[in-house]
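Report on the structure given below.
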Amino acid sequence: MIDYGMEDAHYYHPQHHRGHLRAHRKHTAHDDFCAHPGQQDLTCHVNFSEILGALQQQGGQLEGYCTQGRFLLHHGLMQHAEQLPKFGDLKQSIQIKQAIQTLVSESDMGLHFKIMAWSKHYTLTNPELIAGFVQHDLSHVL
C-alpha cells in the first residue's frame, strides 16, 4: 500500500486540528472543498496505525513500513535513472532529475508518502520484494 499518510502520533498531533481533508487544484493545496466543483481533487491523509490495527484484527501480518523515498532509493531508483537514454535536450534532463527529486525528497513525496506491506496466510518466498523495509523499517512507530 502506498499513500499519503502518517502514524497516530502525527495524525492526531495538535497541528492537524483542522483535520486531514485537503483540496488540490492546479498544483495548489487549499481548504475550500466546495470551490470549483468537478475541477479539483479532494484527498485525505491515511492513518497507517489504524490500518495496522484493522489488518491485525483480520489476522494479517505487517511485513514492513517505511517512507517512499527510502524504499525507492533502496530498490535502485538512481541506478535505474542512470540507465535512461541520455537526452540531448537539457530541459528534459532537468525535468527528469526534478521528478526523481520530488519522489525521494524528505521535503516532498519521499517523506509524505509511506509504503506498507502486509500478508495473510502467506510465506514470503522472495524477501527481495520487501527488502526496502529491512534497513529503513519504521514499524516501531505504528
Exercise for the section: List the residues of the stretch 71-99 whose backbone N lies under 15 Å from a point placed 7 Å from the Cα of residue 131 along the Cα-to-Cβ direction. Expected result: 71-80
Handout entry: Net charge over other residues, Cβ less than 14 angstrom from the Cβ of residue 115 (K, R count +1; D, E count -1)
Key = -2
Completion exercise
Taking every other residue with Cβ under 15 Å from the Cβ of residue 31 and scoring Lys and Arg +1, Asp and Glu -1, one gets +1
Fill in the blank from the handout: Total charge of the residues flanking residue 64 in space, meaning their Cβ is under 12 Å from its Cβ, with Lys and Arg +1 and Asp and Glu -1, is 0
Fill in the blank from the handout: Within the chain, pairs of Lys residues whose Cα atoms are less than 29 angstrom apart, provided they are eight or more positions apart or on distinct chains, add up to 5
Fill in the blank from the handout: Dividing the mean separation of Cα pairs under 8 Å (6+ apart) by the residue count of the chain yields a relative contact order in percent of 34 percent
Completion exercise
With a ≥ b ≥ c from the Cα gyration tensor eigenvalues, square-rooted, and the rule rounded for a/c under 1.5, otherwise prolate when a/b > b/c and oblate otherwise, the chain is oblate
Practice task
Return the FRET efficiency for the residue pair residue 139, residue 16: r is the Cβ-Cβ distance, R0 is 25 Å, and the value is rounded to the nearest 0.05.
Solution key: 0.70
Exercise for the section: With a 10 Å radius around each residue's Cβ, average the other Cβ atoms per peptide and rank 33-45, 62-74, 5-17, highest first. Expected result: 62-74, 5-17, 33-45
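Since every read-out is calculated from the coordinates, none of them should be taken as a lab result. Values in this document were obtained by computation on a predicted structure and should not be read as measured data. Glycine gets a Cβ as well: all are built from the backbone with ideal geometry, and neighbour counts include every protein chain shown.
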